[in-house]
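For reference, the structure is listed below as structure tokens.
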């Protein structure tokens, strides 16, 4: 039985060749996102512990921000009605208000008077402007003002930031520095966040050895495990590290069953192609899962599998390290973000311009490692495209700042061409 969301786009067939057609990257993302079931469990955390987590409910301002009219500058609170004629004007300093003082208790500003006031202090009654101290000459308890001041000058009005009831942060917001500041500004000592997304990670391949072990002929070190653990290292993710699993069908099936019992998302590398030792697809189905092997119009990362096993989303990444990282960054990470309840899911990007000419084979949308080398006259970053044969070259990723996104139909990239760019 095929999952209801995994239908038309994934199963389309080229009428001329009878082979399954390549699907677009955007369609693969859409299909993967449709499989995700966002977590619903909520936990209340103190503000420090909530940093980096996903907000579980809308946050509205319980009162106006700021809660009272206050001074935006160090200076003097005045009544602009006292500034009659062409000036200069002399006023008597009759009071003083600092941040934290009770402005009402300080009294009101009478005719011909001014109050010394400091940034953040509440505006005393009847004052309608603040003149910064640099524009005032003071002699004893007298100040002289030489320039006219408009009503409302240097005042932060009550509710200027947000009125009572204003939506400050929507559900699904990733809580960073600005967000935790907004939460603290309304006096909350704790906040509800979604529980961490549980992601089980396993890498397949009998040839894999862990760093520190001795390599025999035909063996390689398991770099995928650590690349993906680093990519998954987010405050809103709990990693379930299942290590490397040999190309043994029964062992793979048991491991997948174990992963599905404990995780929301299962991420694997390798074993999703059509070779005799590629057992992942068959064993996930044998465990009761539903899976589609997709051929994506994407370079690197043409082979990708997605489906479900019990309540877990399954994402089967290619075995080549760069392809595994790229498909996770562009497709898998967005699926995981949806499952975690995140509102904003797309990777951080920019518009860049090519620093030089390049030629490529059209047919698949390409995510080419690229390095920022300057800034164009229009102010866009300029990027140098790195080697066009890179699906297994980790060193190229280390030299790059991100991926330049080259449209599938493009054969020639010319100097100055504009491209999308995804930061690492």
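With the highest mean first, a sort of the peptides 370-376, 196-202 on other beta-carbon atoms found within 10 angstrom per residue produces 196-202, 370-376. Exposure proxy shown here: for 73, 298, the number of other Cβ atoms within 10 Å sets the order, fewest to most, as 73, 298.
Put in line by how crowded their Cβ is, counting other Cβ atoms within 10 Å and starting with the fewest, 43, 409 read 409, 43.
Considering only beta bridges that DSSP places wholly inside the stretch 70-156, some 75 percent are antiparallel. Between the stretch 107-167 and the stretch 234-273, the C-alpha centres lie 63 angstrom from each other. What FRET efficiency would be calculated for the residue pair residue 72, residue 48, taking the C-beta separation as r and a Förster radius of 51 Å, to the nearest 0.05? Working from the Cβ atoms, E equals 0.95. Within the listed set 332, 120, 363, the Gaussian network model of the chain (springs between alpha-carbon atoms below 10 Å) gives the highest mean-square fluctuation for 120.
The fewest-to-most ranking of 242, 343 by surrounding Cβ atoms within 10 Å reads 343, 242. Centre-to-centre, using Cα atoms only, the stretch 47-96 and the stretch 311-385 are separated by 44 Å. Over the stretch 149-247, the pair-distance histogram of Cα-Cα distances with 5 Å bins from zero comes to 2, 9, 14, 13, 10, 9, 8, 7, 7, 6, 5, 4, 3, 2, 1, 1, 0 percent, rounded to whole numbers. Given R0 = 35 Å, the distance between the Cβ atoms of residue 148 and residue 108 translates into a calculated FRET efficiency of 0.95. Cα-based radius of gyration for the stretch 349-423, normalised by 2.2 N^0.38 Å, reads 1.00.
A crude spin-label estimate for the pair residue 373 and residue 141, with each label 7 Å from Cα along the Cβ direction, gives 7.2 nm. Counting 0.36 nm for each residue step from residue 233 to residue 251 and taking away their Cα separation leaves a gain of 3.8 nm.
Can you give me the angle between helix 25-35 and the longest principal axis of the chain, using Cα atoms only, in degrees from 0 to 90, rounded to the nearest 10? Roughly 90 degrees between the two axes. Note on residue 157 and residue 24: their simple-model spin labels are 4.6 nm apart, each label 7 Å out from Cα toward Cβ. Extension gain for the segment residue 219 to residue 412, taken as residue separation times 0.36 nm less the Cα-Cα distance, is 65.6 nm to one decimal. For the residues 84, 281, 39, a GNM of the chain with alpha-carbon springs under 10 Å puts the largest fluctuation on 84.
Per residue, the convex hull spanned by the alpha carbons of the stretch 382-424 comes to 86 Å³. Comparing 410, 119, 257 in a Gaussian network model of the chain (Cα springs below 10 Å), the most mobile by mean-square fluctuation is 119. Computed from these coordinates, which is P(r) over Cα pairs in 20 Å bins from 0, in percent: (i) 25, 58, 16, 0; (ii) 20, 36, 20, 11, 7, 4, 1, 0; (iii) 21, 38, 23, 15, 2? Computed from these coordinates, P(r) over Cα pairs in 20 Å bins from 0, in percent corresponds to label (iii). Could you tell me the calculated FRET efficiency between residue 395 and residue 356, based on Cβ-Cβ distance and R0 = 35 angstrom, to the nearest 0.05? Plugging the Cβ-Cβ distance into 1/(1 + (r/R0)^6) gives 0.95.
Semi-axis lengths, largest first, of the ellipsoid equivalent to the stretch 70-156 are 19, 13, 12 Å, with √(5λ) applied to each eigenvalue of the Cα gyration tensor.
A short reminder: the numbers here are calculations on the coordinates, not readings from a lab. The shown structure was predicted, so the numbers you read here are calculated from the model rather than taken from an experiment. We place every Cβ from the backbone using ideal geometry, glycine too, and count neighbours over all the protein chains shown.
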